[in-house]
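A quick write-up on the structure given underneath.
No value in this document is a laboratory result; all are computed from the given coordinates. Owing to the predicted nature of the structure, the values given are computational and were not obtained by experimental measurement. In this analysis, Cβ positions are derived from the backbone assuming ideal geometry, glycine residues included, and neighbour counts consider all displayed protein chains.
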Amino acid sequence: MLELACKLTGTVCIMVATVAFGEAKARALALRVRQLQQFQRSLKLLSAEIAYSRSLLPYAFQAVARQLEPPVSELYRSAAAKLLAGDERSAGEIWESAVAEIYPQSAFTGADLEILAGAGVSLGATDEEDQLRQIGLTLQHLELALETALEQKRQNEKMWRYLGFAGGAALVILLL
């Protein structure tokens with residue numbers, strides 16, 4: 001009786017763990033899409049702040065951050081705080097360090113990170129027109145990354161869920 005209870009408990013633990021793993025991988029795909037969409041929105045907001053509000057960069061970052069959710073909002077908050085604190089680095093360098101700070105908390109890939117970092121290349125270093133042009137270029141790259149992320153999500157989301165369940169079932173069968 002005790003042996004049966006141990007086997008049943010082990011089976012349940014294995015199944016819960018593998019199903020949770022598959023679900024976590026599926027959710028990561030959806031989270032990446034959501035965060036890419038949010039970053040895309042943030043660049044459009046930043047563009048509007050630069051073009052129409054004519055806000056100074058730290059204040060534009062703060063305005064954008066107020067309209068977003070973490071981790072993208074944290075990127076803008078961090079960059080604004082460093083600029084306002086009088087950090088000696090250029091705005092582009094500050095942007096890159098803020099991108100590096102939020103990367104571990106995000107679902108972004110290495111390729112996404114390059115796109116995010118590229119958005120800050122001309123911030124604060126060139127005139128308004130060049131900054132807007134760079135943001136537009138980044139939006140184009142981001143659109144391609146978003147299409148790829150949506151395709152990966154569509155193709156792999158169900159697979160990870162099924163794989164979690166099937167992998168757990170196979171492991172249970174092997175161990176029994």
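Starting from residues that are without any contact (Cβ under 8 Å) to a residue 40 or more places away in the chain and buried (at least 16 other Cβ atoms within 10 Å of the Cβ), keep the ones in the range 121-147 and report whichever is farthest from GLY22 (Cα to Cα). Only one residue fits best here, namely SER122. The sole residue among SER42, SER78, SER47, SER53 that is without any contact (Cβ under 8 Å) to a residue 40 or more places away in the chain, under 18 Å from LEU142 (Cα atoms) and hydroxyl-bearing (Ser, Thr, Tyr) is SER42. Can you name every residue in the range 52-83 that is assigned to a helix (DSSP H, G or I), surrounded by fewer than 19 Cβ atoms within 10 Å (Cβ to Cβ) and in contact with an Asp or Glu (Cβ under 7 Å, 6 or more places away or on another chain)? Residue satisfying the conditions is ALA63 alone. Residues of the range 100-121 that are outside any helix (DSSP H, G or I) and within 8 Å of the chain's Cα centre (by Cα): SER106, ALA107, PHE108, THR109. On inspection, SER97 does not qualify as of a type in the set (Ser, Thr, Tyr), over 24 Å from VAL33 (Cβ atoms) and over 21 Å from the mean Cα position of the chain (by Cα). The selection criterion, being outside any helix (DSSP H, G or I) and of a type in the set (A, V, I, L, M, F, W, C), does not hold for LEU36.
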